[in-house]
1. Specify, per residue and in Å³, the volume enclosed by the convex hull of the alpha carbon atoms belonging to the protein assembly as shown.
2. For chain B, modelled as a Gaussian network with Cα springs under 10 Å, which listed residue fluctuates most, B:THR114, B:THR97, B:THR249?
3. For segment B:144-267, what is the charge dipole size about the Cα centre, in debye to the nearest 20, if Lys and Arg each add +1 at the Cβ and Asp and Glu each add -1 at the Cβ?
4. Note down the magnitude of the dipole of segment B:2-264 about its Cα centre, charges +1 on Lys and Arg C-beta and -1 on Asp and Glu C-beta and zero elsewhere, to the nearest 20 debye.
5. Less than 13 Å Cβ to Cβ from B:ASN216, Lys/Arg counted +1 and Asp/Glu -1: what total charge do the surrounding residues give?
6. Would you kindly derive the ³J(HN,Hα) couplings of segment B:32-37 from the backbone phi angles with the Karplus curve 6.51 cos²θ - 1.76 cosθ + 1.60 (θ = phi - 60°), listing them in order in whole Hz, with x for Gly and Pro?
7. Near B:PRO139, within a Cβ-to-Cβ distance under 15 Å, what is the net charge of the other residues, with Lys and Arg +1 and Asp and Glu -1?
8. Using the Kyte-Doolittle scale, find the helices of chain A whose mean hydropathy is at least -0.5 and whose Cα atoms extend 27 Å or more along the helix's long axis, counting only whole DSSP H runs.
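Coordinate-derived values only; no laboratory data. Everything numeric here is computed off the predicted structure, so don't read it as measured data. With ideal geometry, Cβ positions are generated from the backbone for all residues, glycine too; neighbour counts draw on all protein chains shown.
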Amino acid sequence: MEQSQLTHNFFYFRVFCALIRREICVLKQDLRARLIDGIAPVLSQVLVLGYLFDRMGMSQSLIGPAYAGTVLQLSFFVSYSMAQNLKFDLKHDRFFEYQLTLPLPKSLLLATYATTLLVNITCITLPLFGLGIPLLANKIDLSSANWFAFIGIFLLSALLFSLLMLFFVFRYDFDWFWDNLWARRLSPIFNLSAAVFLWHQTSLFSPTLGWLLLLNPITYAAEGIRAALLQGTFLPLWACFAGLIFFNTLLWIALMRSLTKSLDPV
Amino acid sequence: MILKNARVFISFLWRDWHCKRKHLGQWIINFTLLYPALYCFCFGYVKPRILFPNNPDTMSTILLMGPVFLMVLIVTFDLSLDLLLDLDEDRFTEYQTLILSPRLYLLERLTFSTLFTFGITAPFMPIAKFILGSHLATPGLSWPQYFLILFTSSLACSAYHICAMCILTKSSQLMSLWTRITFIFSTFGGFWVPRAVLMSFIAEYSSWAHYLVFINPFVYITDGLRGATIGGSGFISPLLCALVLVGFTVITMLFAAFFFKRKLDHV
C-alpha cells in the first residue's frame, strides 16, 4: 500500500515537473518582449521618484523606500497580465480543462499555476528592479542590505501576488473580472497599502490608518522589502515574514474553495 | 444623401448607447464613486501630506490631476477596444461600414467615445472638491475652463485610442501599447509632475531637448487641467491647450482613417 502511494506521489511529481518545464519554455519565448514592456515603467519610476519629486519638496530620504515599492508595482502588473491570459483561456481555449484531466490532484495543478506565476514574476521583476538601482546609486544606500532576507521576502511576496490573482481568476466570472476587478479590487488593494505610503509615516500621520494598513497583505511585502534592503524605521522583518506566511496560507485555502466552487457550482 | 448618412450616424450612436447602457450602473459605480473616493483619499489627501508636508494642499491638486487624466485614458481605451476585438472576431464593423462610409463610422465612434467619457469623468472634480474641501487648493478654479479641457481631453484621448486600435493588428499587442507608448507619453506628459518641473529637469542636461515636451499632446491635458484649477502663469493657458488638443484630434483621426481603410480593404 505504502509502495503504491509512493509510486503515485512520484508520478504526480513527474507530471508537475513536466508542466513547469512547459511553462518555462513559454516564458523563454516571451521573456525579451516582457522585459522590454517592463523597462518603461521602471525608468519612469526612477525618473519621478529619484529626480523629479525631490524638486517638488519630497525628502531625499524617502527615495529609497519609495523605489522599493516599485518592485511590488511591477510584480502586480506582471501577475495581473498573466491572470488576464488565464481568464481568457478559461473563457475561450479552455486549456485548463485539458489539464484537469491529467493524473494530478487539483491542489497540485493549482500549485503548478502558482509556481509558474512566481517564476514569471521573479524572472521579469528582479532584473528590472536591479536596472533602477545603479541609476539611483547616489540616492539609495544599500550598504546594510540583507540580501538573504530580501530574497525570502521577495519570493513570499511573489507567491502572494500569484495566489491573489489566481483567487480572483477562479472567484469571479469573465465579465465581472474584465469590467470591475481593477476598479473594485486591485486599485483599492494596491493604493491602500504600504507600497504607496510608508507604514511608519502613515501611522504617525494617522494611527487608525496605520492599523488599517496592517490588514492589507501588500503592506507586509512592501515593508519587508524595505526592511531587508534599507536603513530606517520599518516594520520588523519577522513581522513581515509572519504576515506574508499567514496571508499566503489564507489565500491558498480561499483559492482551493473558489476553484472547487467554480468547477462544481451545485 | 447627407440626410441618409445623418440618420445612419445617429442610429449608430443610439446603438452604441444602447449597448453601453446595460452596464451603465457599473460604470457609474466605478468611475463616479469608487475611483474618485479612492484617488481623493490617496492622491488628494494622504500622499501629499506624507511625501510633501511643506505644501500639501497645492500638491493635492497637482497630484490629483494625474488620476483625472488616467480615468479619461482608461474609459476611452475601454470604449475603443471593441474596434480591435470586433475586427479580430465578429467583424460587425464590416457590416456597419457597408451602410456608412469608414470615415463617418470612425467619426461616430469618436463622437460617442468623447461624449460618454466626458459624461462619466465630469463628476470627478466636483466630488473631489466636495470631499476634500479646503484640503484641495484651487485658487484659480474656473469650472467652464476645467470642463472645456476635460471635454477636449476626452476628444483627444478617444482619437488617440481609436487610431491605436486601427494600427494594432492583434489584441496581444494591447499591453505593449500601454507599457511602451502610453506610459512613456504619460510620464513625460506631466502625469506626476507639472510640465515646468519636467522642463527645468531636462534643461539641465540639454539646451534644446526640453522643448520636445511641447510635442507631447498629453502635456496639454495635464497642464490644461492644472491651469484651470490652480491658475497662475506656471501653466499653459487652458484655451490654448484646448485648441492644441482639437488639432491633435484632427491629425490623429486622419491617420486612423488611413489605417482603418487598410484594415478593411484587403486588396
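1. Working: hull volume 95.8 nm³, N = 533.
Taking the convex hull of the Cα positions in the protein assembly as shown, it is 180 Å³ per residue.
2. Greatest mean-square fluctuation among the candidates belongs to B:THR97.
3. On the way: 7 positive and 3 negative charges, 74 e Å.
Computed charge dipole of segment B:144-267: roughly 360 debye.
4. It comes to approximately 340 debye.
5. Details: positive: B:ARG195; negative: B:ASP223.
Its environment carries a net charge of 0.
6. Whole-Hz 3J(HN,Hα) from phi for segment B:32-37: 10, 10, 5, 4, x, 4.
7. Once all neighbours under 15 Å are counted, the net charge is +1.
8. Details: long enough: A:2-45 (57 Å, 0.19); A:63-91 (42 Å, 0.48); A:106-135 (44 Å, 1.46); A:147-171 (35 Å, 2.30); A:237-263 (38 Å, 1.36).
Sorted by number, the helices that extend far enough and score high enough are A:2-45, A:63-91, A:106-135, A:147-171, A:237-263.
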